[in-house]
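Where a number appears in this text, it was derived from the coordinates with a stated rule and is not lab data. As the structure is a prediction and not an experimental result, all values here were calculated from the model. Positions of Cβ are generated from backbone atoms using ideal geometry, with glycine treated the same way; all protein chains shown enter the neighbour counts.
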Amino acid sequence: MFARFFGPVSHIPIQKWENAPKDAWCKVTSSGILRFNHRLRGQPREWAWVLAQCLLHLGFGHFKTGNLSRVYVAACDIVAVNFLSNLKIGTRPLDIGAVPVGLGSGSLHSLLNRLRDDGDAFKLALTLSTAGHEATMEYDNTRIIDHSKSEAAFAAGVREAATTAIGVASGEIKSMSDRAKQMTIIRRAWKWFIDHYPLLGGVVAAYDLVEDRDICHRLKIKIAAVDIGLKEIYANPLVTMRFEEWVFVMGHEILHAALRHDKKRMGRDPWIWNAACDFVINGWLIEMGVGQMPAGLLHDLTFKGKSAVEVYNILCTDIRRLRKLSTLRGEGACDIIESDQPWENVDADNFVRLALSRGFDMHFSQERGYLPAGLIEEIRAAMMPPIPWDVELGHWFDRHFRPIQEVRSWRRFSRTQAVTPDIPRPIMIPYDTMKDGRTFGVVIDSSGSMDRSLLGKAIGSVTSYSIAKKVKDIRLVFCDAHAYDEGWVKVSSILNRVRVRGRGGTVLQPGIDLLEADHDFPKNAPIMIITDAQCDHFKIKREHAILIPAGARMSFVPVGEVFRMR
């Protein structure tokens, strides 16, 4: 914590204190000099306490006011001693007093006012001085120093000590004095986000930085890459770049992990999706002023303000540009390494959501800098838990099948009023007109690639929502290369009576045409299509929805709503 006081940035000279009082230990001057009584004999832990108390006056910037009155120095001594008591640094010498009762907390300003009003407390505070009957702090105009450097050195020392302590607690570092792990330029860029950027610091803490040239050679990583499943970010130590450029590279990979670009691919081409995300991320980092972008990375001002999906759609139509693109992993390679390795004892999505939420609040509360509007939208979307696919499917049923209203009817008297049988009373029955046309069509892909378990899950969800919405009959069609019309099927018996037919090709248009051409099928009834997405292009003129597996992607842009089953 105090090591930087004796480094090249903020060097604190130590001098002998000639003519020092017999009961004095040490004092600190405004010129940044520690003067100690070389005649006094003390234990090492006692000297550690005394030197730390003097150094804290420099680290806390107590000399900045220019007012070194006796009461002010006494208040500063209370602040320093309170800090040392909580950290348990060294041992307080017996001839140095303890903090007066009632002054164990509070700001320097409040302590100063208290000592001015309370003479007894002021007399007790004078015993905290490390210079005997003299003040711990002394003004010296022989040497002028910049006290902000001492404050910065102490702040940096606190950060390093806290980081090392966390490393010891996690088992990454053996002890507080262990220097086995060298602080390379890559690791310094990595630590920069933990120390200076709370928005991404929480996500950084969950990942391991791997600087291994053999691993990078085996994975063919040119500069850097990220494996979200293994919670590892790879950096090639053979690459020569400046610190600001490594900060940019680390921010690039951390944003890939924080925004879960591996899961958002949703069946898109991995290489084009990776390039689209790179264009968006690099633009954000340049706008935020995080580091400096190395030469050769993907950046285009025409994509400013666009999402990764929009950039992906543009890149799909520009084959010439795709041939020239290169990620941090290299030309034609994805720096987003997708693996199915689940995180141990923790849900990855929930962890990232919580880390982003806390970092987002800290970033704005501490005014840490500008954030692009696109990044704010992405973070807010990532902070919200995703709606399960079956809930989204339920919303689709709500829009197409409103709850059936009940009306009073005198056709059948209610028998609930048995005490007054001679008084006719109405009964509430469903409104008949709302039951007319309460149905929909289901086209099921019965090709050989269709998974039976997936088919059962889809049919089960459709059946349960149909029963809840009081849909009694549905029009069922199996289709692969040909359409197999099952006719009108009772919803309550669909799971037991339906038999899959076909198992041929992947053309669903015949089944759709069969329903649209049928005069008995209501014109306003929607169509539900259940497929594994490995089908040919089809067109539907009426309202429809498509159920496909999670991670699958249609070979064309669908018009209706798409629900991804998990």
Extension length gain for Arg542 and Arg358 (0.36 nm per residue less Cα distance), in nm, is 61.7 nm
Residues other than Trp47 with Cβ under 12 Å of its Cβ, Lys/Arg counted +1 and Asp/Glu -1, net out at +2
For the pair Lys88 and Val158, the simple spin-label estimate (label points 7 Å beyond Cα toward Cβ) gives in nm 2.0 nm
Taking a ≥ b ≥ c as the square roots of the eigenvalues of the Cα gyration tensor, with a/c under 1.5 meaning rounded and otherwise prolate when a/b exceeds b/c and oblate if not, segment 457-566 is rounded
Sorted on mean Cβ neighbours within 10 Å (highest first), peptides 371-378, 228-235 come out as 228-235, 371-378
In this structure, the FRET efficiency calculated for Ala206 and Glu18 from their beta-carbon separation, with R0 = 60 Å, to the nearest 0.05, is 0.60
A chain fully extended from Arg553 to Gln43 at 0.36 nm per residue, minus the present Cα-Cα distance, gains in nm 176.3 nm
Here the FRET efficiency for Ser170 versus His400, based on Cβ atoms and R0 = 60 Å and rounded to 0.05, is 0.70
The alpha-carbon center of segment 534-551 and that of segment 219-249 are separated, in whole Å, by 40 Å
P(r) over all Cα-Cα pairs of segment 113-157, 5 Å bins from 0 to the longest distance, whole percent per bin, short to long, reads 5, 16, 13, 16, 17, 19, 13, 2
Expected unfolding gain across Ser307-Arg70 under the 0.36 nm per residue rule, minus the alpha-carbon gap, is 79.1 nm
By the C-alpha gyration tensor axes a ≥ b ≥ c (rounded if a/c is under 1.5, else prolate when a/b exceeds b/c, else oblate), the shape of segment 182-383 is rounded
Neighbour-count ranking for His482, His147, His395 (other C-beta within 10 angstrom, fewest to most) reads His395, His482, His147
Pro549 neighbourhood, Cβ < 13 Å, K/R = +1, D/E = -1, net charge +2
Among Lys191/Lys231; Lys231/Lys264; Lys469/Lys490; Lys27/Lys64; Lys231/Lys306; Lys222/Lys263, the pairs whose Cα-Cα distance exceeds 19 Å are Lys231/Lys306; Lys222/Lys263
Net charge (Lys, Arg +1; Asp, Glu -1) of residues whose beta-carbon lies under 10 Å from that of Tyr207, Tyr207 excluded, is -3
Least to most buried among Lys27, Lys123, Lys324, by other C-beta atoms within 10 Å and fewest first, runs Lys324, Lys123, Lys27
The chain: spread of alpha-carbon positions along the three principal axes, whole Å, largest first, is 112, 80, 40
Cβ density ranking, 10 Å radius, fewest first, applied to Met362, Met137 yields Met362, Met137
One finds the C-alpha centres of segment 188-216 and segment 68-85 to be spaced, in Å, by 38 Å
Summing -39500 (n - 2.57) over every DSSP H run of at least 4 residues in the chain and dividing by its residue count gives a helix-only mean residue ellipticity at 222 nm, to the nearest 500 deg cm²/dmol, of -12500 deg cm²/dmol
Computed over segment 3-159, the convex hull of the Cα set has an average projected area, in nm², of 8.9 nm²
Distance in nm between His196 and Ser31 label points, each 7 Å along Cα→Cβ, equals 3.4 nm
